[in-house]
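Step one of this worksheet: look at the structure below.
The values are calculated or read from the model by the stated rules, or taken from the named source; none is laboratory data. Quick caveat: nothing in here was measured; it's all calculated off a predicted structure. Positions of Cβ are backbone-derived with ideal geometry, glycine not excepted, and every protein chain shown enters the neighbour counts.
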Amino acid sequence: MAGGEARGQRHVGESATILSMATRSEWNIQKSEAVSTGAMITAEHPLAAEAGARILRDGGNAVDAAVAAAFAMGVVEPTTSGLGGVAWCVIREPDGTITTIDGAGAAPVRATPDMYELQSRGAAGMYGWPATKGDVQNVGYRSVGRMGAVGCLCHALERYGRMDRPSVMRDAIALAADGWETDWNLSLSLALYYDRLAPVDASRAIFFRPSGAPLRAATGFEAGDRLVQRDLAASLRAIAADGPEVLYRGELGRRIVADVQAHGGLLSQGDFELFEVRERPPLAVEYRGLQLRTLPGASGAITTVEMLRILEGFELGKTEALSPMALHLIAEAQRRAFADRFTYLADEAVVGSAIYERLASAEHAAAARATIDPGRATPQAAATPVPPSSDCTTHVNVIDREGRMCSLTTTLGGAFGSGVVAAGTGIMLANVMTWFDPRPGRSNSIAGGKRILSAIAPMLLLRGSTPFVCTGAPGGRRIMSAMLHVVTNLVDWAQPPQQAVNGARSHCEGAPLLIDTRVPQPTRDALAAMGHTVSPKLETFASSHFARPSAIVVRGSEKRAGVGALKSSTAIGVD
């Protein structure tokens, strides 16, 4: 510049120099914490949270409320969950007993490792597997597999709830039968995933106007379109009256199979009849003296647990949250846990349970920790792209007055699952096959009847036997890194729940280190100087770079809840 004057400076008199104070606007969107001395529920949609809160007011317990909210979520947020999806939960009873319920999906029994023709290049789906011709692994009837959400929810309610199915499902049925005004989130999702839904007659008839345009949310001048799902209401009524058998061995399942097979899919009645809910003790570990209880086996929980056990050997609390050192150590723990996941994990029936036990062990964590250089990123051969994530899952947390806890995650796989609503049922079908590697010969390759390796990670934390945290998230593989950040935010840095679930996060599966743009530039520069391949990501209303966690935290007599600020997530306290 002329006269050597630096940009951003101005001269005052002969000697004083004042730096420019000019800034730029940034996103600063927040929600308040919900507080209660009684019960608390969080859900990803206000109508679902209200359905669960009503159950709590009517004398239901945490499991009743979580199941009510989950059924309602399948009506008001068909992007993420529904009767055609899969589900898991972790439940703590007031006497301290903790159990897990697994309603995982599985490949059809007629599926084979080479059932899809691979493209010569490119990746597809939220897990970034090699692309298949026509994307049939992720979209359409050939992506459909065995579904377990209904079995999981009904099993949880029967074993651990105190209300009957018709009472718990009442709001979900009413929302489907009477309809509700389309909100901005659904209208946006319908536009984003038009190509997935529009080719299917039943899907198009439900979610789009006669003109072909997506149902519209309310504007400042007009009411939103009303989404009425009469076939779905009838399916919900059938399950409320007759239980899960109407799906797995009855007329509802037969209708789904007939429609899928008429369009070239592999799902059979035998697949439904083979379904069974698994109830098992939780994966139990400690983190900094707290008791962490989560899902055992083929889920995202094992990977988050491995990350936490690696980090337990570092004094994170003596660093600042989101400091270069903290983010470096977190990235290195993520990198090692994901490497193990991609190498070893799949359905336990295939790879065995011993590998899961080893990855959760203190000995394995110590060995992995010893390979971390506190000042330098692990060398990477190439900066391979990280697959995109999407809003394809939902999560519910509940803690009731008696200290009962329920952390429940349910999903359709990808956004709107397969895009297929089974004709005459109103049920959106999950793209179960999206969880499998379409290449033969891998640990997670396709096999007939093989259960999925999911990314979900519902968690409970306790202080001794006392409830402390109930948490979980939607967000594909980003769930695992999000849960790591939530736990360290709450435990290592003692953050309040709203801050803990909404703070800037990172995600590192391999070479690229995804960093929220809210992390200051000097911190990103410091990470790059350590050798990280830093990839800044701006989280918006339409993106899901870092998952969408929520949490309920118990402190003394109070329950405080934090939920995502960029979506419709809602927490409601009930005294």
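Worth pointing out:
- Candidates ARG121, ARG170, ARG159 - the one that is surrounded by fewer than 18 Cβ atoms within 10 Å (Cβ to Cβ), under 30 Å from GLY573 (Cβ atoms) and among the basic types (Lys, Arg): ARG159
- Per the listing ALA284, ALA321, the residue uniquely under 21 Å from HIS507 (Cα atoms) and not β-branched (Val, Ile, Thr) is ALA321.
- Meets criteria (out of contact with any Phe, Trp or Tyr (no Cβ under 6 Å at 6 or more places or on another chain), farther than 17 Å from ILE452 by Cα and of a type in the set (Ser, Thr, Tyr)) for TYR141: yes
- Matching entry among GLY448, GLY419 (being buried (at least 24 other Cβ atoms within 10 Å of the Cβ) and in contact with a Pro (Cβ under 8 Å, 6 or more places away or on another chain)): GLY419
- Yes/no for GLN291 being of a type outside the set (D, E, K, R), assigned to a helix (DSSP H, G or I) and out of contact with any Pro (no Cβ under 8 Å at 6 or more places or on another chain): no
Rundown of residues vs (1) aromatic (Phe, Trp, Tyr); (2) more than 20 Å from the chain's Cα centre (by Cα), yes/no style:
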position: LEU453; (1), (2): no, no
position: VAL469; (1), (2): no, no
position: TRP493; (1), (2): yes, yes
position: ALA526; (1), (2): no, yes
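- Selection count where residues are hydroxyl-bearing (Ser, Thr, Tyr) and part of a helix (DSSP H, G or I), scope the range 299-328: 2
- Taking strands (runs of 3 or more DSSP E) as the structural unit, those lying wholly within the range 14-69 and holding at least 1 residues that are surrounded by fewer than 17 Cβ atoms within 10 Å (Cβ to Cβ), aliphatic (A, V, I, L, M) and at pLDDT below 95 correspond to 16-19.
- Residue among LEU175, LEU153 that alone is surrounded by 18 or more Cβ atoms within 10 Å (Cβ to Cβ) and either in a loop (DSSP other than H, G, I, E, B) or out of contact with any Cys (no Cβ under 9 Å at 6 or more places or on another chain) (or both): LEU175
- Restricting the range 184-212 to residues that are within 22 Å of the chain's Cα centre (by Cα) and small (Gly, Ala, Ser), the residue that is surrounded by the fewest Cβ atoms within 10 Å (Cβ to Cβ): ALA191
- THR410 being modelled with pLDDT of 95 or more and not assigned by TED's automatic domain parsing to the domain that holds TRP129: yes
- Being in a loop (DSSP other than H, G, I, E, B), modelled with pLDDT of 95 or more, basic (Lys, Arg) and in the same structural domain as ALA262 (by TED's automatic domain parsing) is a property that does not hold for ARG142.
- Among the candidates MET147, MET126, residue that is in the same structural domain as GLY220 (by TED's automatic domain parsing) and under 30 Å from ARG404 (Cα atoms): MET147
- Matching residues in the range 540-570 - criterion: being crowded, with 24+ Cβ neighbours inside 10 Å, closer than 19 Å to GLU402 by Cβ and touching an Asp or Glu at 6+ places or on another chain (Cβ under 8 Å): ALA561
- Out of SER187, SER167, one residue alone is farther than 30 Å from CYS406 by Cβ and not aromatic (Phe, Trp, Tyr). It is SER187.
- Against the numbered list (1) of a type in the set (Asp, Glu); (2) in the same structural domain as ALA430 (by TED's automatic domain parsing); (3) at negative phi, GLU44 comes up short only at (2).
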